[in-house]
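Scroll down for the structure; my scribbles are underneath it.
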Amino acid sequence: QSTIPKIFLNPQRKKIKMDGGLGSLTPDQRQAVMMQAQQEANQQIMQAMMDKMVLSCFKKCAGTSGDRLDTKEQSCMAMCQDRYLETREQVQQALQKRQGMS
């Protein structure tokens, strides 16, 4: 069972009014809130990286061959995405390690 008060579970990302702020929470609840915030920040970092991958690889690999990628462009896209995904994995491991140190 989660120790996060229901007021902090906010999947619609609406503004939350906190009457007492974090000071009114127990230490465990504060830690849970902080961990959730860190996880959300990590997810935003990863999403930004994926968005950058798509744009960067497309700009690098897609030519003027029309509305479809030719074999060379497809190969370029695959290799480019592989490099980004390998980097993503390294970043994710570093973020998890950093989160574990907190």
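The values are calculated or read from the model by the stated rules, or taken from the named source; none is laboratory data. Small disclaimer: the values here were computed from a predicted structure and weren't measured. All accessible areas refer to the heavy atoms of the entire protein, side chains included, with ligands and DNA or RNA removed. Shrake-Rupley method; radii C 1.70, N 1.55, O 1.52, S 1.80 Å.
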Reported set for segment 80-102 where residues are within 14 Å of the chain's Cα centre (by Cα) and acidic (D, E) is E89
Filtering segment 31-77 down to residues that are open to solvent by 90 Å² or more (accessible area, probe 1.4 Å) and over 17 Å from the mean Cα position of the chain (by Cα) yields Q31, F58, K59, K60, T64, D67, R68, T71, K72, Q74
Subset of segment 78-87, residues open to solvent by less than 70 Å² (accessible area, probe 1.4 Å) and not small (G, A, S), comes to C80, Q81, Y84, T87
